[in-house]
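The values are calculated or read from the model by the stated rules, or taken from the named source; none is laboratory data. The structure displayed is predicted, hence computed values, not measured ones. FYI the Cβ positions are ideal-geometry reconstructions off the backbone, even for glycines, and counts take in every protein chain you see.
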Amino acid sequence: MKPFTRSLHTTLLGATLLASAFATPVGVALAQQPSSVVTVATIGEPPTLDPVGVTSDLVSIITQHVFETLYTFDADWKVTPLLASALPTIGADGKSYAFPLRSGVTFHDGSAMTAEDVAASLERWTKLSPRGKSVAPMIEAITVTNPTTVTLTLKDPYTPLLSLLAMSNGAAAIVPRSVIDGAAPLKQFVGTGPYKLLEHKPDQHIRLVRFDGYASPTGPASGYGGARAAKIGEVRFVPVPNAATRVAGMLAGQYQFADSLPAEMLGRFKTSTSVKPVIVKPFGFPLMIMNTKTGVMANQTLRQAVLAAVGPGDMMLAGFGDPAFFAAEGSIYSQGTPYYDAASAKPYREGSPKKAAELRKTAGYKGEPIRIMTSTQYDFLYKMSLVAQAQLQAAGFTVDLQVLDWATLLQKRGDEKAWDAFFTYHTFVPEPSLITVLNPSYPGWWDSAEKRDALAAFNRETDANARKDKWVALQNRFYTEVPSIKVGDFYNLAAATDKLKGYTPAPWPFFWNAELSN
């Protein structure tokens, strides 16, 4: 299966171009007069512009234009070089990775990228990123071998390493060593990408402008890999939390792209001659993450009772309405992917009020409120949370549903004492170890001894068939310990103007290589 190329069903056409009305300082405006502007309506204000410390798709969508990693994914979801000049040289024991670096790469501040910058950035990633922290205990050393090579040495072989380095969220972003302050968030947003940060007015806009000193990778464009050209002068990200407002803005020509639209909005574009939908399939899966560390949901039997009480199919129908946009699928990887397995996901379909009541009684539940965080900024997640609330209450649970803005939810989920469950979603990833809920440092903090052993065995394995067997064992753990509930599979609806040419539909929308026609 080639989920990036074969299964990204797309239709692209769109609205007329209007200039954004946001005011900018006169000096800045005179210094930056982009030849073209694409205004992108997003679901809200990102909690940070540092891509390392959070695994947020909203952050990734914006910051991938500014910051780059050593590797990325091509159209077949294979790892391909980005700031590296080639795939690494891996030692015979599978423990050492020598990363060759591209020459002539310049940061947005005008300085040249060096091996010292790369080594310092990777060290920062291991301290700050949830993904980097998962690898950190296995790293022996990160060293500058010579001016064009950085070597990462592991204590044991670790198959997912390159995929982790290629991810754009929790990203191993390469920045100048001079802007790094230990594991602290960045204060200066200096990257190597085709766009640089010009201006950030919180809750108004983020302006990215073409970086004229950009050094592109070579080769044909493929997925996130290959040649990157900033043909659009400015990409302006505008937070528009209300989905209906995003759609209305597209139809009025206020925006040239709008992301994460409710499936029922599809009909709004049928009569438009200038705006058409962009459907990304497969896209991801909604999750009800549970706090396995602290509070009422730290009880495994009670988490099993919650799984038995909720109806994932009902939640998916409420969230998306149109069955063409979702599938009630319990296997973490859907049919057609190498890791699909229905047998180990049987508990997904075996819930019942009777089973939920029995498990609730066994768990010793005494009516404690289950604090569930959700947000209306992702309309489908909010609708799912309402169904879950009703189903849990009908099964005898007390539910405290907390509706927050997305940035607050992201901040609050880091406090283990502040919540018991929250709704989010995960985009498709080709490597299972990239799934955030497997990471013990990700909120929810799933970290049993049995899970650690199963995950370690999977990560050590290099044979594809043997990895599938070990993944099945890990999914069995997932449905036994129920750290989260996979609600199903869904496909993302976005919209674009027909003037946006050369756009490549992708789970994390990007705008290099695209351009606006007159």
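Quick notes on this one:
- In the range 314-335, of all residues being among the small types (Gly, Ala, Ser) and touching a strand residue (DSSP E or B) at 6+ places or on another chain (Cβ under 9 Å), the one that is farthest from Arg467 (Cα to Cα) corresponds to Gly319.
- Restricting the range 473-517 to residues that are assigned to a loop (DSSP other than H, G, I, E, B) and among the hydroxyl-bearing types (Ser, Thr, Tyr), the residue that is modelled with the lowest pLDDT: Ser517
- The residue that is surrounded by the most Cβ atoms within 10 Å (Cβ to Cβ), counting only those in the range 391-444 that are in a loop (DSSP other than H, G, I, E, B), touching a residue at least 12 places away in the same chain (Cβ under 8 Å) and charged (D, E, K, R), is Asp420.
- Any hit, the range 359-379, residues being surrounded by fewer than 15 Cβ atoms within 10 Å (Cβ to Cβ) and under 30 Å from Lys468 (Cα atoms): no
- Check on Glu234, acidic (Asp, Glu) and over 30 Å from Gly336 (Cα atoms): yes
- Pairs, first assigned by TED's automatic domain parsing to the domain that holds Thr151 and under 15 Å from Val54 (Cα atoms) in the range 119-131, second buried (at least 24 other Cβ atoms within 10 Å of the Cβ) and basic (Lys, Arg), C-beta under 8 Å, six or more apart: Trp125/Arg131
- Any hit, the range 456-472, residues being part of a loop (DSSP other than H, G, I, E, B), in contact with a helix residue (DSSP H, G or I) (Cβ under 6 Å, 6 or more places away or on another chain) and either among the charged types (D, E, K, R) or crowded, with 19+ Cβ neighbours inside 10 Å (or both): yes
- All positions within the range 266-309 that are in contact (Cβ under 8 Å) with a residue 24 or more places away in the chain, of a type in the set (D, E, K, R) and part of a loop (DSSP other than H, G, I, E, B): Lys293
- Taking the range 163-183 as the range and being surrounded by fewer than 20 Cβ atoms within 10 Å (Cβ to Cβ), in contact (Cβ under 8 Å) with a residue 12 or more places away in the chain and among the aliphatic types (A, V, I, L, M) as the test, the residues that pass are Ile180, Ala183.
- Taken together, the residues in the range 58-80 that are surrounded by 24 or more Cβ atoms within 10 Å (Cβ to Cβ) and of a type in the set (Asp, Glu) amount to 1.
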